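See structure below.
The values are calculated or read from the model by the stated rules, or taken from the named source; none is laboratory data. Keep in mind the model is a prediction, meaning the values are calculated, not measured. FYI the Cβ positions are ideal-geometry reconstructions off the backbone, even for glycines, and counts take in every protein chain you see.
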Amino acid sequence: MSVTVQWDNVEKTIIYQTFDGRWTWPDFHAVWDEVTTMAKGIDHPIDFIVDMRRSHLIPDQVFRQMRRVARIGLNVIVGANTFVQTFWSLFCRIYGDAARTFKVDFATTPEEAREIIAKNRPAPDSAETA
């Protein structure tokens, strides 16, 4: 399969998705079913690192597909080329507030993605740490 998924940390707060070569929406949806299973029983936000460094193309109908994906946490896309970044900007302009429900940022490496997630993660409640 051209899309894979795994936990990125033992705390199960980040899921790491890898898109490799050509992939299809059925590939993506099969992995998304796996993500749904992974997230069962998790009671905290889950962020995503989406590694597209080895992805060649995004399949057709991306606007329709994006609306079908659950909106969970921050998505940091690693290795997004100019096309993907321009696409995201266009998506936000077309869908406005609806697009802003998807929290997306871009990074050049997985390490940078983890730093972005750490900076954007809310601080624990003082009640939880007491």
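Is there a residue being modelled with pLDDT under 85, out of contact with any His (no Cβ under 9 Å at 6 or more places or on another chain), surrounded by 13 or more Cβ atoms within 10 Å (Cβ to Cβ) and not in a strand (DSSP E or B) anywhere in segment 114-130?
Yes, that holds for at least one residue.
Six or more apart or on different chains, Cβ under 6 Å: which pairs go from a residue in segment 1-17 that's closer than 15 Å to residue 117 by Cα to one that's modelled with pLDDT of 95 or more and in a loop (DSSP other than H, G, I, E, B)? Could you list them?
14/8; 16/8
Please work out if residue 31 is at pLDDT 90 or above and of a type in the set (A, V, I, L, M, F, W, C).
Judged against the criteria, residue 31 is not a match.
Do we find a residue being at pLDDT 85 or above, surrounded by 15 or more Cβ atoms within 10 Å (Cβ to Cβ) and on the phi > 0 side of the Ramachandran plot anywhere in segment 44-56?
no
Of all residues being of a type in the set (Phe, Trp, Tyr) and in a helix (DSSP H, G or I) in segment 63-108, which is modelled with the lowest pLDDT? Just the residue, please.
Restricting to residues being of a type in the set (Phe, Trp, Tyr) and in a helix (DSSP H, G or I), the top hit is 63.
Out of segment 30-62, which residues are assigned to a helix (DSSP H, G or I) and in contact (Cβ under 8 Å) with a residue 12 or more places away in the chain?
30, 31, 32, 34, 35, 36, 38, 39, 62
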